[in-house]
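The values are calculated or read from the model by the stated rules, or taken from the named source; none is laboratory data. Bear in mind the structure is a predicted one, so any value in this text is a computation, not a measurement. Note that each Cβ is placed from the backbone with ideal geometry, even for glycine, and that neighbours are counted across all protein chains shown. Only protein heavy atoms, including side chains, enter the accessible area calculation; ligands, DNA and RNA are left aside. Shrake-Rupley method; radii C 1.70, N 1.55, O 1.52, S 1.80 Å.
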Amino acid sequence: MGISSSRPSRRITKQDNAILNMKLQRDRLQQYQKRIQVVLDRERDIAKQYLEKGDKERALLALRKRKYQAQLLTKTDSQLETLEKLTQSIEFALVEKDVLFGLQQGNQVLKEINKEMSMDKVEKLLDESAAGIEYQNEISEMLADTITNAEEDEIEEELAALQREEIAKRIPSVPTADLPEQETENAEEESEEEERVSERNRGRRQPALAA
Amino acid sequence: MSTEGQPFPFPSIYSFPPFFTRQPNSQTWTSQLSLWSSLILGYCRYNRIWRIDLNTAIEWDLFSNKEINRSLKLDTCREILDSMVKKGNAEWVSGSGRDAADKNLSAIIFWRRPEEWANMIADWIDSTGQRNAILTFYEISDGDLSFSQDFRGIDATILRKALDILVRRGQAQIMRSADGEVAGVKFFGVQ
């Protein structure tokens, strides 16, 4: 949809008119079919009525008329089919046109982008950045030369001091607050439990010993 | 949609005899008008009636309750429709204009406002992928794709009004056939 809505033409084109006319023709055929169907049903009723009256001739005539209408109906059916097929082909062709238009546009954009990225430009750019990197390296070398060995030692010293500080920060401080009371109760319970367990163990152990 | 076969469930006011007589008190009359208006709208919506022609409609069960043997007078009926026209729920259709008595006898009932129809058609176009498609009026009201839609069989005048709204919004354009008759519409996407 994006392709077709981005198109500036929000107008009725010749193709649109052609489609409309074909669809109108189709509508007319459909309405005609409805009418024939009504006539078909009516002729049948008429034939029945004549038969009841005993007028065989007229009943036959009505049925003959009905037959003719039925033939018309099949004819219009095939016409309708042709018309609908044609309409659909046109609509599909329009869709294809849209796709082609989209492809063309995409191709153009790609070309333009490629034009902006010409080989020469890329080469020049790479050369320039290489020169920049070289220049940067030179500056670093020059700066490094100006620092003496003594100064280098001082820098090392400073780094070590910083590292020590960092380590000191990382070690947590010793907690000063008392332990909460509940934990002590728990601890008591636990010790009681332990006693009981050990008593039981003793009881169990004794027969074991006796044995 | 409409539950075919079953008759319209009339409200209890329909069995109230004074409801069918124009009340002299203006306040009572006003509320009577609004009751009638919603009854007519409901009835038309239920039975999918697009137009009321008073010549024949006056005998419908809508305007005459045989059980209590009451029916609405033609003049009262016309007055009710007139008030609906003023509220925008209906619109008089000028007959062939032969004489003045012919006027104000046939009305289009908007049991949905044209804007609602317009939105509904626009949604349908969207959901059935018919943007940029060309449709005939007949196709919208009676085509294969609109089969289960609420606007199935929509009155041509109402359809035209709804489409005009879409045209004003820039969502559609009316098309003419080869013999210059307004017959179709081209839809655009919503922007």
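Using a 1.4 angstrom probe on heavy atoms only, work out the carbon and sulfur share of the accessible area of chain B in %.
Its accessible area is 49 percent carbon and sulfur atoms.
Mean 1/r over all different Cα pairs, inverted: what Kirkwood radius does the range B:12-109 give, in Å?
Details: mean 1/r = 0.0724 Å⁻¹.
It is 13.8 Å.
Once the piece of chain linking A:Gln136 and A:Lys115 is laid out straight, how much longer is it, given 0.36 nm per residue of separation minus the C-alpha distance between them? The partial results should precede the final answer.
Numbers: separation 21, 0.36 × 21 = 7.56 nm, distance 3.17 nm.
Gain on stretching A:Gln136 to A:Lys115: 4.4 nm.
For the interface of chains A and B, what total accessible area is buried with a 1.4 Å probe, rounded to the nearest 100 Å²?
Details: alone 19160 and 10820 Å², together 28220 Å².
Its buried surface, counting both partners, is about 1700 Å².
Between the range B:1-74 and the range A:116-143, what's the alpha-carbon centroid distance in Å?
If we compute the Cα centre of each part, the gap is 90 Å.
Per 20 Å bin, what is the whole-percent P(r) computed from every C-alpha pair distance within the protein assembly as shown?
Bins of 20 Å from zero give 15, 27, 19, 11, 18, 9, 1 percent of pairs.
Under a crude label model (7 Å from the Cα following the beta-carbon direction), how far is B:Asp123 from A:Gln108 in nanometres?
So the two model labels end up 3.9 nm from each other.
Put a dot 7 Å past each Cα toward the Cβ at B:Glu67 and A:Lys56; how far apart are the dots in nm?
About 5.5 nm, to one decimal.
With a 1.4 Å probe and every protein chain left in place, work out the accessible area per residue of chain B in Å², rounded to a whole number.
On a per-residue basis, chain B sits at 52 Å².
Say R0 is 41 Å: what FRET efficiency, to the nearest 0.05, do B:Asp53 and A:Val95 get from their beta-carbon distance?
Numbers: r = 45 Å, r/R0 = 1.09.
Efficiency computed from Cβ-Cβ geometry: 0.35.
Taking amide H atoms as placed 1.01 Å from N in the peptide plane, list the residues 5 or more away in sequence, or in a different chain, whose amide H sits under 5 Å from that of A:Ile12.
For A:Ile12, whose amide H was placed from the backbone, there are no distant partners under 5 Å.
Quick one: what do you get for the range A:118-170 if you divide its Cα Rg by 2.2 N^0.38 Å?
Working: Rg = 20.0 Å, N = 53, 2.2 N^0.38 = 9.9 Å.
Relative to the rule-of-thumb radius for its length, the range A:118-170 sits at 2.01.
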